[in-house]
Every structure is written in C-alpha cells, then in structure tokens.
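Trainee: Supplied in structure tokens, the structure appears directly below.
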Amino acid sequence: MARITITVDGKAAGLPDGCVPGLQLAVDRTNAADKTALTLLDWLALHLKELAIQDGLVAAVTQLQQQQQADAQAALDTAVKAARDQLLAALDTPE
C-alpha cells in the first residue's frame, strides 16, 4: 500500500513509499532556501496549487516584464530629452 494517497473525484492514486525520502529531501531544500517549515503534506499541497496557477503566473510575469520595459523606456526617453534640452540651452548661454 502506498504511503501517500491522493484522492480526486472519489478516485485514489498512491505514491509508493520509495518516493517519500526523495520528496522529503526536496521539502528540506525548499524549507532551507525559503526559511519555512513546511511538512511534506503542506509542500505537496503548495506545489499542486502552484501547478494550478502556472499559466496565470506566466502571463502575469510576461505582463509585468513588458510594463517594466515600457517604464524603463519612458524614463530613458525623458532623460535623453532633458539632456538634449540642456545641451541645446548651453549653446545659447554666453561663455
């Protein structure tokens, strides 16, 4: 009998006991990296939720990157215009 059993819509599937040590190593690495204390069950639930939102997250990251690039371009354009205006104004200033 599998140690980890997942039930969806009344149907159960199990993961063999041999999966647990490898999964626990992944949990331990995640906990160390994120300074968390997730149990194996909490870690599995979190990762299943992350799989469920994966497409939405990819779309959100893409939108954020595009907005950041647009903002950076606008800031650069403003800085270039200011430098241009300053240099042009300096031409009209007597020495």
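A short reminder: the numbers here are calculations on the coordinates, not readings from a lab. Since we're looking at a predicted model, the values are computed, not measured.
Trainee: Compute the orientation-averaged projected area for segment 4-91 from the convex hull of its Cα atoms and round it to one decimal in nm².
Mentor: Projected area, direction-averaged: 9.4 nm².
Trainee: Between helix 40-91 and the chain, what is the angle of the helix's C-alpha long axis to the longest principal axis, kept within 0 to 90° and rounded to the nearest 10?
Mentor: Roughly 0 degrees between the two axes.
Trainee: Using a Cα-Cα cut-off of under 28 Å, which lysines could be cross-linked to Lys11, ignoring same-chain neighbours fewer than 8 residues away?
Mentor: Here the lysines satisfying the reach criterion relative to Lys11 are Lys49.
Trainee: Suppose only helical runs count, i.e. DSSP H with n ≥ 4. What mean residue ellipticity at 222 nm does that imply for the chain under -39500 (n - 2.57) per run, divided by all residues and rounded to the nearest 500 deg cm²/dmol?
Mentor: -26000 deg cm²/dmol
Trainee: Suppose a student asked you for the relative contact order of the chain, using Cα pairs under 8 Å spaced at least 6 residues apart; what percent would you report?
Mentor: With pairs under 8 Å counted, the relative contact order is 12 percent.
Trainee: Another question about this same structure. Treating the angle as unsigned and between 0 and 90°, give the value, to the nearest 10°, between the Cα long axis of helix 19-34 and the longest Cα principal axis of the chain.
Mentor: The answer is roughly 30 degrees.
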